[in-house]
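**Student:** Below is one structure. I have some questions about it.
Just so it is clear, none of the values below were taken in a lab; they were calculated from the coordinates. Since the structure is predicted, the reported quantities are computational estimates derived from the model, not experimental observations. All Cβ positions, glycine included, derive from the backbone under ideal geometry; neighbour counts span all protein chains shown.
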Amino acid sequence: MTSVEPLFGTSVRRVEDPRLLTSGGTFVADLDLPGCVVVTYVTSSEAHALLRTIDVHAARAAPGVLDVLLADDLEIGPCALLNPGYPEPMARPLLALDRVRYVGEPIVAIVAEDAASAADAAALVVVDVEPLRPVVGLDEAALGHSLLFPEVGINQVWERQGGTDAADMDAAFAACDVVVNGTFLNPRVAPSPLETRAGAARWDDDGRLTYWSSCQGAHPVRATIAELYGLDVGDVRVIVPDVGGSFGAKARPSSEELLLPLIARRVGRAARWVPNRSDDMVGLGHSRSQRQHVEIGGDRDGTIRALRGHIESDVGAYPIMGPMQAMNTGNLMPGVYRIPNVAWSSAPFVTNSVPVVSYRGAGRPEAAALVERAVDLFAAELDLDPVAVRRHNLIEPDAFPYHSPTDVVYDSGNYAVTLDVALGLVDYDALRAEQARRRASDDSSLLGIGVAMFVDRTGAIGSEYGAVELQGDGSILIRTGSTPYGQGHHTAWAMLASDRLGVPMERITVVHGDTDLVKRGSVTGGSRSAQKAGVAVAQASDALVDAGRAVAATLLEASVDDITLSHVDRGQFHVVGVPSRMVSWSDIAAASVDDPLSCETDFHGAGGSCPYGAYVCVVEVDVDTGAVAIQRMVAVDDAGTILNPLLAEGQVHGGLGQGIAQALFEEFRYDEHGQPLSGNFLDYLFPSAADLPSYECTNTVTPSPNNPLGVKGIAESGTIGAPPAVQSAVIDAVAHLGVRHIDMPLSPEKIWRACMSARR
């Protein structure tokens, strides 16, 4: 692209793609690290057991083996608790010590010359255990007959609550005409990025540690490693090459990754670990995994007066993100609705399963699923159209900024418009008429319409760093603290700088993911990048223009106040009204060679933003088999001002795919012994392209007042809005048979059984 016409709001193709589609990019597994050793781990095959003896003698003597490590060999650990409110004994050891708590937990580290030698040696390790009663599921965890951490005394991590106080809630429900209760399951899912976890470590001759990570933020990883090893952050360099997906699961390094610097120091060589798919399915972390007890009440005209939820969450063997995700669910539980009395409580439990980590939405998809199903049940009890009930209870545009009963501030919105656009796209009335026709004719292919609305919370905490530098040839270098793993940051940040500097995008380079090249940075997650890193780049670019004007004023022998930057003429400075004499960015660079121009900023923002959307799913359900075919998937999002519609729609498309997958296909399951039943892609079901419809996506625009660009997050919207829309559509198709609720994933068997049970 050679034009310097305004780019903001235009669909600019990703500049990252040509390299990724030709050379294929460079991932941790591709790095050329001379003399690098291979690390593999022996992991637990028992869900819950005491470790008696671990015989590694044969493994140590195996060909190609350089080192074998057990928990007693470690000088570091355990992992720091992510929240100081977690019980201290629940801190996760780097290698299992005394007991194992889930299938897949690392016990022994094998270091070898090559992968084959490491695998052969791992097979020689003999682990003698005393099996303990496994804690599988929330009911078993609550009973407490078997404890993962006996010193804590219970399996519950903590108790948290929020919203309206109990006495007011009881009074509100007592005054309701109608009160409906429900229990909903939000299934455990595996994030499953195409690139598994991966890391590599090397101690350099100067004593510094260089660490390569497939992660979501170089600087947070550096901080974690420095703290664990007692190092100054300046003695650690973290480099993030291309990252093959994450969706939150790689926000923090796992214990297997954190051991690599120790291993590299012991063997005096670079060390790398790249697990296979099966290892990652029981090691990377899972998410969602909630049971929600919901009570909703209101008037017979459809006015919702009260909503209460108790969220039980299965957080896996160690509390990482699970307990905090349940709090996120509670805080976003009211959704887009004007409900005066809302209260939530949460009870997270540890179980003998893979720990729960962040995953696209991290508590907000669960919140949308909770309130949307509750509203559907409320409407069904009143025999009212679910869309009418939604519209009747929407927060009005003049209520913003809106303070919810759960103490979340919604920055801006016009929810009714978004709903109207979505309904208009599908011709809602015509769909209802067709549904009635099929039911009347006893058609075995039933039509279902699911409408779901949601509100998200993005970019609420933290800051992000951005720097823009003028190079000697007049080109531009951007340094960003954000770490992309598919979002298109190179394209977006170059667009922002090009618009402000008048420099073509091909003359702009974006640098990220290297703590030696970028001063500061945070985690790329929570749909925060555009409103944090993007604004930082924009502000640094504006500052560079001011610095350039000062140099241009000297060259043109004029006052700074009289200097302007002309974008039409490709970034030329000139005196206002005198465009015949111009100074280019190259001239500025030449004049400032002894003091190159560079501007940086950290953008904090004022409370983040609350994007929202209205999604409609249309399905056909075969009542004889329970098979579901999605006919239409309409997504209307409002993410404030859209920087690049192509990038935004790409994020929505990906989220829709994941949301549909959760609604219809995905569930990571364990048997009664805590053994995984979904340990690979043969057993863990997800949709192919043939299972997904062509999405219909559009957006409304309500700018956020909390950042100069007016942008909001959009990366997680699809995973928040799609599951309840699909779930409601399927249940709507069979509701006339007497089916009130079916839990996700809505498999053909579940649907068929629900229909047969209702008919009986």
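**Student:** Normalised by the residues of the chain, what does the relative contact order come to in percent, with Cα pairs under 8 Å and at least six apart?
**Tutor:** With pairs under 8 Å counted, the relative contact order is 16 percent.
**Student:** Would you mind working out the magnitude of the charge dipole of the chain relative to its Cα centre, with +1 at each Lys and Arg C-beta and -1 at each Asp and Glu C-beta, to the nearest 20 Debye?
**Tutor:** In total the dipole reaches around 500 debye.
**Student:** Would you compute, from DSSP H runs of 4+ residues alone, the mean residue ellipticity of the chain at 222 nm, taking -39500 (n - 2.57) per run and dividing by the full residue count, rounded to the nearest 500?
**Tutor:** When only DSSP H runs of four or more count, the value is -8500 deg cm²/dmol.
**Student:** What FRET efficiency do you get for SER688 and ASP232 if R0 is 45 Å and r is their Cβ-Cβ distance, rounded to the nearest 0.05?
**Tutor:** 0.35
**Student:** Here's a follow-up. DSSP beta bridges in the chain, what fraction antiparallel, as a percent rounded to 5?
**Tutor:** Antiparallel bridges make up about 80 percent of those DSSP assigns within the chain.
**Student:** What shape does the stretch 556-660 take by its C-alpha gyration tensor, where a ≥ b ≥ c are the square roots of the eigenvalues and a/c under 1.5 counts as rounded, a/b above b/c as prolate, and the rest as oblate?
**Tutor:** prolate
**Student:** What residues have an amide H closer than 5 Å to that of VAL510, excluding those fewer than 5 places away on the same chain, when H is modeled at 1.01 Å from N in the peptide plane?
**Tutor:** Sorted by chain and number, the residues that satisfy this are ILE478.
**Student:** So how compact is the stretch 698-760: Cα radius of gyration and Dmax in angstrom?
**Tutor:** 18.1, 59
**Student:** Label GLU749 and ASP170 with points 7 Å out from Cα along Cα→Cβ: what is the distance between them in nm?
**Tutor:** Output for this residue pair reads 4.4 nm.
**Student:** Among GLN325, PRO63, THR719, whose Cα lies farthest out toward the positive end of the dipole of the chain, if unit charges sit on the beta carbon of Lys, Arg (+1) and Asp, Glu (-1)?
**Tutor:** Farthest towards the positive pole: THR719.
**Student:** Once fully extended, how much extra length lies between LEU194 and ALA388, figured as 0.36 nm per residue of separation less the alpha-carbon to alpha-carbon distance?
**Tutor:** 65.7 nm
**Student:** What residue among GLY234, PRO745, VAL468 has its Cα farthest toward the positive end of the dipole of the chain, where the charges are +1 on Lys, Arg and -1 on Asp, Glu, each on the Cβ?
**Tutor:** PRO745
**Student:** Given 10 °C and 1.306 mPa s, how large is the Stokes-Einstein diffusion coefficient of the stretch 633-760 in µm²/s, with Rh as the Kirkwood radius over Cα pairs?
**Tutor:** Answer from the Stokes-Einstein relation: 95 µm²/s.
**Student:** Next question, about the same structure. So if a site counts as exposed when it's one of the GluC sites (Glu not before Pro), its DSSP state isn't H, G, I, E or B, and it has at most 10 other Cβ atoms within 10 Å, what's the longest stretch of the chain without one?
**Tutor:** In short, 160-556.
**Student:** For the stretch 625-687, what is the convex hull (Cα atoms) projected area averaged across all directions, in square nanometres?
**Tutor:** 6.9
**Student:** Would you kindly state how much longer the chain becomes between ARG300 and ASP30 on full extension, computed as 0.36 nm times their sequence separation minus their alpha carbon distance, in nm to one decimal?
**Tutor:** 90.9 nm
**Student:** Now, a different point. Can you list the HN-Hα couplings for the stretch 232-249, worked out from phi with the Karplus curve (6.51, -1.76, 1.60; θ = phi - 60°), rounded to whole Hz and with x for Gly and Pro?
**Tutor:** 6, 4, x, 8, 10, 10, 10, 10, 10, x, 4, 10, x, x, 7, 6, x, 5
**Student:** Shifting gears a bit: Would you mind calculating the gained length between VAL178 and ALA758 on full extension (0.36 nm times residue separation, minus the Cα-Cα distance), in nm to one decimal?
**Tutor:** Stretched fully, the VAL178-ALA758 segment lengthens by 206.5 nm.
**Student:** Hey, another quick one. Pop a pseudo-label 7 angstrom from the Cα along the beta-carbon direction at both ARG19 and ILE76 and give the gap in nm to one decimal.
**Tutor:** Between ARG19 and ILE76, the simple spin-label model gives 2.9 nm.
**Student:** With labels modelled as points extended 7 Å from the Cα through the Cβ direction, what inter-label distance (nm, one decimal) is found for ARG439 paired with VAL701?
**Tutor:** 4.1
**Student:** Mind grabbing the base-10 log of I(q)/I(0) for the chain at q = 0.05, 0.06, 0.08 Å⁻¹? Debye formula, identical points on the C-alpha positions, no solvent, two decimal places.
**Tutor:** -0.28, -0.40, -0.70
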